[in-house]
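Report on the following structure.
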Amino acid sequence: MIVADRKKIPQIRDMVKNHRRVLLVGCGTCVTVCLAGGEREVGILGSALRMALRLQHHDVVVDECTIERQCEDAFIDILAQRAPEYDAICSLGCGAGVQALAERFSNIAVYPGLNTQFMGILESQGVWTEKCSGCGNCLLGEFAGICPITRCAKHLLNGPCGGSRGGKCEVNANIDCGWQLIHDRAGKLGILDPFEQIVPPHDWSTGLDGGPRKVVREDQCIAGLGPKS
Amino acid sequence: MADEPLILAMCCHYCAYAAADLAGSMRLQYPGNVRVLRLPCTGKLEVNYLMAAFERGVDGVIVAGCLEGGCHFLEGNLRARRRVERARKLLAEIGLEPERLEMFNLSSAEGPRFAEIVTTMVERLKRFGTSPLRPDPTRIERGVQEMNQQAEAMLAGDKR
Ligand code: SF4
Ligand code: SF4
């Protein structure tokens, strides 16, 4: 899932303080699960933001709502009637949700209430860890199911580097060396042999290169409503 | 009591609420500025309850749960403490003194301690002064006047 956390209240306050009516919009999907932007967090931020604004004598109305999925226009439809009553929206969705709202409501200022962090998993209650960088050309099959791009601090495809110490990474002693994990798991699976070979550079043309990517499923596209560009 | 601090005490049914009751039965004197709200367990406490109280202008909030290890639901009071900590951080971000909110642990037999906790908070909150979020009485008065005027105008309209 996509993991995010909330911006500090003074920062959110300063983004919206010159507006008259602000709608806080939460999202019921990933950010609800990572406790950053669901209905409860919207309620807490709503109260906190109203207090922070009043303490600085800004007369701003802050209302709250949460929609099921902010990154899909069909779900944003629910806001179509209500949104024009506001001159700003503060989204508690991930960056995709914020931009989906901005695309839908061209006349309303849209601000992010969260910092979108990464794609990851729940490691333990209250702790989330990054696992995938969305490189568009998944290598997990060749690296024993552990992503070298995301989990090695240097994104090495031929690791470990000389700084791996006791299973920890030289960049930060609190994080596991991704390459130690790869070797340990590959050893257990008895698939260490391929690691004797040098791995050629990753094909970055599928990710982080050439502008925003698009996935198209022709069979699912409705005639005349294919990709916009 | 206009300048006296207004305190909300969120009390666990099994300990602090009984302790407050005991303080009353023992005829202990403690400041009358506290409004007691009974929770089935402090584990029921959510951060948004605390935010809602401060947003409505209370000067301080006491959260009172069982002694650590003594929660009837095992760890409700430990969870409450973590939520109180989070709420205190939020208060600091908002620009209110985090010390306006505090969690205490006590047993149902500690009537005198309940009185002492309330006294401590009242003294602390007097130093901080009235919450800047307390609704302005003149604003409330103005609102009431406006409603009266509207009602009179409606009645006058009916008579015509
Ligand atoms: S190899 Fe690419 S797609 Fe696969 S987990 Fe790593 S970053 Fe994600
Ligand atoms: S110590 Fe391990 S994780 Fe850290 S940079 Fe080197 S190989 Fe990558």
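The values are calculated or read from the model by the stated rules, or taken from the named source; none is laboratory data. If you're wondering where the values come from, they're calculated on a predicted model, not measured in any experiment. Heads up, the Cβs are rebuilt from the backbone with ideal geometry, glycines too, and the neighbour counts pull from every protein chain shown. These area figures cover heavy atoms from the full protein model, side chains too; ligands, DNA and RNA do not enter into them. Shrake-Rupley method; radii C 1.70, N 1.55, O 1.52, S 1.80 Å.
Taking the solvent-accessible surface of protein heavy atoms with a 1.4 Å probe, what is the per residue accessible area of segment B:3-53 in Å²? Intermediate results must be reported in sequence, preceding the final value.
Working: 2430 Å² over 51 residues.
Computed with neighbouring chains in place, this is 48 Å² per residue.
Taking every residue in B:89-98, how many Cβ atoms of other protein chains lie within 10 Å of its Cβ, on average?
What the average comes to for B:89-98 is 5.
Tell me, what is the per residue accessible area of segment A:2-118 in Å², probe radius 1.4 Å?
Per-residue value: 45 Å².
Quick query: amide H of A:L192 versus all other amide H atoms, modeled in the peptide plane; which residues come in under 5 Å with a sequence gap of 5 or more or a different chain?
Those qualifying (amide H under 5 Å, at least 5 residues apart or on another chain) number zero.
To make sure I understand the rule: partners must be lysines, Cα under 21 Å from the Cα of A:K214, and not fewer than 8 residues away in the same chain. Which ones qualify?
Those lysines meeting the cut-off are A:K228.
So how far apart, in nm, are the two label points at A:N18 and B:H13 if each is 7 Å from Cα heading toward Cβ?
Simple spin-label model gives 5.2 nm for this pair.
How large is the helix-only mean residue ellipticity at 222 nm for chain A, computed as the sum of -39500 (n - 2.57) over DSSP H runs with n ≥ 4, divided by its residue count, in deg cm²/dmol to the nearest 500? Please list the in-between numbers first.
On the way: 7 runs with 59 residues, N = 229.
Dividing the helical sum by the residues of chain A leaves -7000 deg cm²/dmol.
Round to the nearest 0.05 the FRET efficiency obtained for A:D176 and A:D73 when R0 = 35 Å and r is the Cβ-Cβ distance. Write out the running numbers ahead of the final one.
Values: r = 40 Å, r/R0 = 1.14.
It comes out at approximately 0.30.
Separation of segment A:195-217 and segment A:121-164 by C-alpha centroid, Å?
Taking the Cα centre of segment A:121-164 as reference, the centre of segment A:195-217 is 15 Å away.
Past the 19 angstrom mark, what percentage of all C-alpha to C-alpha distances in segment A:78-209 do you count?
On the way: 5384 of 8646 pairs.
Roughly 62 percent, once rounded to a whole number.
Starting from the Cα of A:D5, step 7 Å along the direction of its Cβ; do the same at B:F73; then give the gap between the two resulting points in nm.
2.7 nm
Pick from A:R40, A:R20, A:R217: which is most flexible by mean-square fluctuation in a GNM of chain A where alpha carbon atoms under 10 Å apart are linked?
Among A:R40, A:R20, A:R217, the largest GNM mean-square fluctuation belongs to A:R217.
Could you pull out every whole DSSP H run in chain B that spans at least 24 Å of Cα extent along its own axis and averages -0.5 or higher on the Kyte-Doolittle scale?
Working: long enough: B:76-94 (27 Å, -0.86); B:111-128 (26 Å, -0.10); B:137-159 (33 Å, -0.97).
Span-like helices here: B:111-128.
Pull out the extension gain between B:K44 and B:E141, defined as 0.36 nm times the separation in residues minus the alpha carbon to alpha carbon distance; nm, one decimal.
On the way: separation 97, 0.36 × 97 = 34.92 nm, distance 3.55 nm.
Here the segment from B:K44 to B:E141 would lengthen by 31.4 nm.
If you line up the long axis of helix A:178-189 against the longest principal axis of chain A, both from Cα atoms, how many degrees apart are they, to the nearest 10?
60 degrees
Just subtract the alpha-carbon distance of A:V215 and A:M119 from 0.36 nm times their residue separation and send over the number in nm, one decimal.
On the way: separation 96, 0.36 × 96 = 34.56 nm, distance 1.78 nm.
That works out to 32.8 nm of additional length.
Along the Cα→Cβ direction, 7 angstrom out, place labels at B:E152 and A:C65. What is the inter-label distance in nm?
3.9 nm
How high is the FRET efficiency from A:Q197 to A:C161, r the C-beta distance, R0 22 Å, rounded to 0.05? Write out the running numbers ahead of the final one.
On the way: r = 18 Å, r/R0 = 0.81.
Efficiency computed from Cβ-Cβ geometry: 0.80.
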